[in-house]
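S.K.: A single structure is presented below for examination.
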Amino acid sequence: MKPRKDAAALLDGETYFLNMGPQHPSMHGVLRLLLRLSGERILECEPVIGYAHRAHEKMAENRNYQMFLPNTSRVDYLGGMIYNLAYCQAIEKMLEIEVPERAEYIRVIVSELNRISSHLLWFGTFLLDLGGITPFLYTFDDREEILNILDRVTGSRLTYSYGRFGGVTQDVDQEFLSMSTAFIKRLRTHFSEYHKLVTGNVIFQGRCRGVGVISPDMARTYGVTGPCLRASGIPYDIRKAEPYGIYDRFDFDVATRNEGDNFARYEVRLDEMEQSCRIIEQAIANIPEGPIMPAKPKKRFKIPAGECYFAVESPRGLMGYYIVADGSDIPSRIKLRTPSFSNLSSMVEVLADTMVADTIAILGSIDLILPEVDR
Amino acid sequence: MDPFSDFKLLGGFLVLGGLIAIIPVVVPLLIAPRFRGLKTTDTYECGVDTIGPSWIRFSVAFYLFALIFVAFEVDVLYLFPVTLVYGTGQFAGGWRDFIEVGIFISILSLAIVFAWRKGVFEWD
Amino acid sequence: MGLKDHDKDPQILQPNLVKADSEQRLMEEAAPYVSFHLLDDLLNRARANSLWPLTFGLACCAIEMMAAGASKYDLDRFGAGVFRPSARQADVMIFAGTISRKIAPVIRALWDQMPSPKWAIAMGGCTIDGGPFKYPNQYAIVEGADKLIPVDVYIPGCPPRPEALINGILKLQEKIKAGRRFEA
Amino acid sequence: MSREDITLLKESLGKEELLRTLDDGEYAKTGFNYRSQATHDAIPAIAQIYLDRGYFLEMLTCLDRLADDEIFRLVYAFNRFDRCERHALDIDLKPTQAVATISQIHRSANWFEREVCEMFGVHFDGHQNLKRLLLPEDTDFHPLLKDFGRIEDAP
């Protein structure tokens, strides 16, 4: 695409403002892109966010630590389990609570299942944005299987409050483990089906190769993390860089690509699903018996003055809880560092000078969740 | 044979076509409950108000693309009567009709080659 | 060039303002010019079985709405699976998620721009009365969809399961078939 | 950041007081490898050095400490991709004091600063587009201040 340098010289009669607005099928929620167009080419793009702002951080300041638990899985409802358990791990870090072995393994299994279900939903909606209806139905069929498995043990399909400070609430039984192994076997056969259905498609390649390139340097200055960063060649995965919980016991590799375009992000997420399957199998293979909560779980507690920053790898990137405690049982401040917030801020530069049709493909490959951007 | 039978047929066809076009427009206005809100008549653009004029000068490539389409629309129009007489009459069952339509289409598709060379399909 | 934000809807709908304002905005909701009982009965039966929802996912409930539209809990069995992106072609507006103060004017505009007859389903606790994000003196959300537009069916849950959404749509179909009386 | 990198950082800043303290935070407890304190006008220089050394701005947030010692504390967190090294950088501001923007250096700071300005009212000099990010355009309050929107004084 030759960049056009005469954008500034356009008379006012030629630029056209388009609202790719809050209610739009492929804006993954309520994002609004204010586009300044010349013909089909985007001269300038300003994401207008805040349409899903629910004030999680303000709520954190008027309720105690236990009452904030349900909020955590509603910030990013596709990685609800990961956000929920991350909050519990952050508080455990501040209170130095010991988590029993079995609970750690259960946490890894359900987190990776949640990651696969998030990537499956991304895969379906990404193809739906590009016009392919059938992959959406295939991936939701697989995803329902995961929701069944997680529903058995947590009681809810999307917004789990499964973690407690020190462990998890329900124990998993043999049925849960066998269902998970059966699911992974089935999912692996579907991977080849997805590749046959989508990867080789000429139109898909045409719309994704070389489109929406994020260079490693741009990714670093915009703070892009997660699959979008790994697709630009930087193998940064918090499960490897800052192993939390027991992630250092599993051997899995970090899927990376170098092109940094839509197709690279697509491949990175597919590989990540495969890696998550490997982690789950290893976790199921050597999950120990034992308690799932510490002997005397702390019911009412105050956290001494201090602060803690705890980062985890959410399906969309680096997710960090920055908790500042002031000695009472109500947090003084909880800052949620969410990955989509920074990933979306890089769109101002990535979407400039592209076609309107490419915007849909690029936004689909970035995998945004708007309440996570607006918090 | 009533000399006007063809015209009657055509007249009936036109009236029927007109009715089929107008009825779905008029009937809902009568039987649907009426509602007028503040923004009912505003243009729908994802729920927010539109910005700036929509009467702007856009690139000529769109106009040329539309012209090429109209040219080939007419091209297809001429092929409709051909279907009535294709393969009948003097050269039934031969290749002559097929060749003739082939020549007709290839001459017209020269317009595409011309437009291609002129760069109408370059989209930058 | 800093883009001026043109979302300059004069009244940012504070909850208390919304009530008074919604009467004034609803200029005219009247009975059709021609209405025969049998014709209306037939039409309502047809309308009930071909509800076209507007794709308007706000937050978590949108994922359950998509799951309801997908292969396992198929909405197409009830004629409600055709999700229309444009408000001009939608019959029912399903509120799937939290209604923030910033999106309230957008919802008003979309409701005005939908052709009549139209219905509204409030899906999830947030659209009934604010759900988990409601606490005294909060500044971010509109507590309930009925503060903005008249809602026909409420579906509790956070998020409600796809079966609950299907049950809500069946309830709406019953309500449509029962017919609607307009004030004089 | 290795030992000599830290000393390099201090020297390259030239003036000692730009970076008042730089001690080893305990990572196990707080998640930060290094904590440092800076003055409000030193932040662009420090951000530039972090950028040159291959760091990215992970988080920028503000703590409302008006109640106990009358300051806003800005917390910048810089981190690396190749190894885990999180630097916390605190800047204490008087309520009316402004701080220089680093959105030209670390692009991600653009939205972080807009959000902090919107939620707390801290002004960032030199920021091109410092207008509302999450709340409707014409809201006039700063919601995350401690004395705003408390439950006890609900209408």
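The values are calculated or read from the model by the stated rules, or taken from the named source; none is laboratory data. Small disclaimer: the values here were computed from a predicted structure and weren't measured. Ideal geometry is used to build each Cβ from the backbone, glycine not excepted, and the neighbour counts take in all protein chains shown.
S.K.: Pairs please, first residue from the range B:31-59 and more than 8 Å from chain A (Cβ to nearest Cβ) and within 27 Å of A:Leu31 (Cβ to Cβ), second anywhere and hydroxyl-bearing (Ser, Thr, Tyr) and surrounded by 14 or more Cβ atoms within 10 Å (Cβ to Cβ), Cβ atoms under 7 Å, 6+ apart in sequence or on different chains.
M.R.: Going by the 7 Å Cβ cut-off, the qualifying pairs are B:Thr43/B:Thr50; B:Tyr44/C:Ser86.
S.K.: Limited to the range A:365-375, what total is found for residues that are within 13 Å of chain D (Cβ to nearest Cβ) and part of a helix (DSSP H, G or I)?
M.R.: Of the residues in the range A:365-375, 5 are within 13 Å of chain D (Cβ to nearest Cβ) and part of a helix (DSSP H, G or I).
Conditions tested, residue by residue: (1) part of a loop (DSSP other than H, G, I, E, B); (2) of a type outside the set (Lys, Arg); (3) in contact with a Phe, Trp or Tyr (Cβ under 6 Å, 6 or more places away or on another chain); (4) within 11 Å of another protein chain (Cβ to nearest Cβ).
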| position | (1), (2), (3), (4) |
| --- | --- |
| A:Phe310 | no, yes, yes, yes |
| A:Tyr321 | no, yes, yes, yes |
| A:Ser328 | yes, yes, no, no |
| A:Leu344 | no, yes, no, yes |
| A:Val348 | no, yes, no, yes |
| A:Ile360 | no, yes, no, no |
| A:Leu363 | no, yes, no, no |
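S.K.: Restricting attention to the range D:61-99, and to residues there that are of a type in the set (Ser, Thr, Tyr) and more than 9 Å from every other protein chain (Cβ to nearest Cβ), which single residue is surrounded by the fewest Cβ atoms within 10 Å (Cβ to Cβ)?
M.R.: Out of the qualifying residues, it is D:Thr96.
S.K.: Among (1) buried (at least 20 other Cβ atoms within 10 Å of the Cβ); (2) within 18 Å of D:Pro136 (Cβ to Cβ), there is one condition A:Glu46 misses while meeting the rest; what is its number?
M.R.: Result: A:Glu46 passes all but (1).
S.K.: C:Met66: buried (at least 20 other Cβ atoms within 10 Å of the Cβ), free of Cβ contacts under 8 Å to residues at least 24 places away in the same chain, closer than 29 Å to B:Asp49 by Cα and more than 11 Å from chain B (Cβ to nearest Cβ), yes or no?
M.R.: The answer is yes for C:Met66.
S.K.: Do we have any residue at all in the range D:100-115 that's more than 10 Å from chain A (Cβ to nearest Cβ), part of a strand (DSSP E or B), at pLDDT 90 or above and closer than 29 Å to A:Glu242 by Cβ?
M.R.: No, every residue in the range D:100-115 fails to be more than 10 Å from chain A (Cβ to nearest Cβ), part of a strand (DSSP E or B), at pLDDT 90 or above and closer than 29 Å to A:Glu242 by Cβ.
S.K.: Does the range A:268-288 contain any residue that is surrounded by 23 or more Cβ atoms within 10 Å (Cβ to Cβ) and within 11 Å of another protein chain (Cβ to nearest Cβ)?
M.R.: No: zero hits.
S.K.: What single numbered condition from (1) within 22 Å of the chain's Cα centre (by Cα); (2) part of a loop (DSSP other than H, G, I, E, B) fails to hold for B:Asp42?
M.R.: Of the numbered conditions (1) within 22 Å of the chain's Cα centre (by Cα); (2) part of a loop (DSSP other than H, G, I, E, B), the odd one out for B:Asp42 is (1).
S.K.: Scan the range D:118-140 and tell me whether some residue there is among the basic types (Lys, Arg), over 29 Å from A:Met218 (Cα atoms), within 11 Å of chain A (Cβ to nearest Cβ) and out of contact with any His (no Cβ under 7 Å at 6 or more places or on another chain).
M.R.: For the range D:118-140, residues among the basic types (Lys, Arg), over 29 Å from A:Met218 (Cα atoms), within 11 Å of chain A (Cβ to nearest Cβ) and out of contact with any His (no Cβ under 7 Å at 6 or more places or on another chain): absent.
S.K.: Ok, one more. Check whether at least one residue in the range A:239-247 is under 17 Å from the mean Cα position of the chain (by Cα), of a type outside the set (A, V, I, L, M, F, W, C), within 14 Å of chain D (Cβ to nearest Cβ) and part of a helix (DSSP H, G or I), and report yes or no.
M.R.: Yes - at least one qualifying residue is present in the range A:239-247.
S.K.: Turning to a different aspect of this structure: Check off (1) under 23 Å from the mean Cα position of the chain (by Cα); (2) away from chain C (no Cβ under 11 Å); (3) within 28 Å of C:Cys61 (Cβ to Cβ) for A:Asn64 and give me the number that stays unchecked.
M.R.: (1)
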